[in-house]
Amino acid sequence: MTVEDVKNLILVALPEAEISVRDTTGTGDHFSAEITAKEFVGKTLMAQHRLVMDAVKTAMAGSNAPLHAFDIKTKAP
């Protein structure tokens with residue numbers, strides 16, 4: 001999995017979001033992301049994170065999932 005793969009998964013759910021993704025280990029399975037999206041306005045931090053996690057959940061499903069660790073920071077514009 002690449003930084004662009006992770007970013008594209010998030011963009012499907014949050015098409016106008018500003019997203020910065022980093023591969024934290026260089027192995028393509030541990031990432032961190034900072035996301036700013038209008039969809040976060042008025043939502044709790046938990047609800048914001050749920051929107052992002054729902055976007056990447058297929059990449060985290062199963063024992064052979066390409067995404068093993070995902071640290072996220074979210075904020076409304």
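The values are calculated or read from the model by the stated rules, or taken from the named source; none is laboratory data. The shown structure was predicted, so the numbers you read here are calculated from the model rather than taken from an experiment. So basically every Cβ, Gly included, is an ideal-geometry build from the backbone, and we count neighbours across all protein chains shown. Side chains are part of the model used for accessible areas, which takes the heavy atoms of the whole protein and leaves out ligands, DNA and RNA. Shrake-Rupley method; radii C 1.70, N 1.55, O 1.52, S 1.80 Å.
Under 15 Å between alpha carbons, and skipping anything fewer than 8 positions from residue 38 in its own chain: which aspartates and glutamates qualify?
16, 18
Return the percentage of antiparallel bridges among DSSP beta bridges fully within the chain, rounded to the nearest 5 %.
On the way: 6 of 13 bridges.
Roughly 45 percent of the DSSP beta bridges within the chain come out antiparallel.
So which lysines can residue 57 reach, going by Cα to Cα under 18 Å and dropping same-chain residues fewer than 8 places off?
Residue 57 reaches 7, 73.
Keeping all protein chains in place, calculate the accessible area per residue for the chain (probe 1.4 angstrom), answer in Å².
Working: 4650 Å² over 77 residues.
Spelled out: the 1.4 Å probe surface of the chain, per residue, equals 60 Å².
Quick one: with all protein chains in place, what share of the accessible area of region 1-52 is carbon or sulfur, to the nearest percent (1.4 Å probe)?
54 percent
Please list, in chain and number order, the residues 5+ apart from residue 70 or on another chain whose amide H is under 5 Å from its amide H, with Hs placed from the backbone.
Placed amide hydrogens put 31 under 5 Å from residue 70.
Give the residue list of trypsin sites (Lys or Arg not before Pro) in region 22-64 that are DSSP loop and have at most 16 other beta-carbon atoms within 10 angstrom.
Numbers: sites: 22, 38, 43, 50, 57; in loops: 43.
Answer in residue order: 43.
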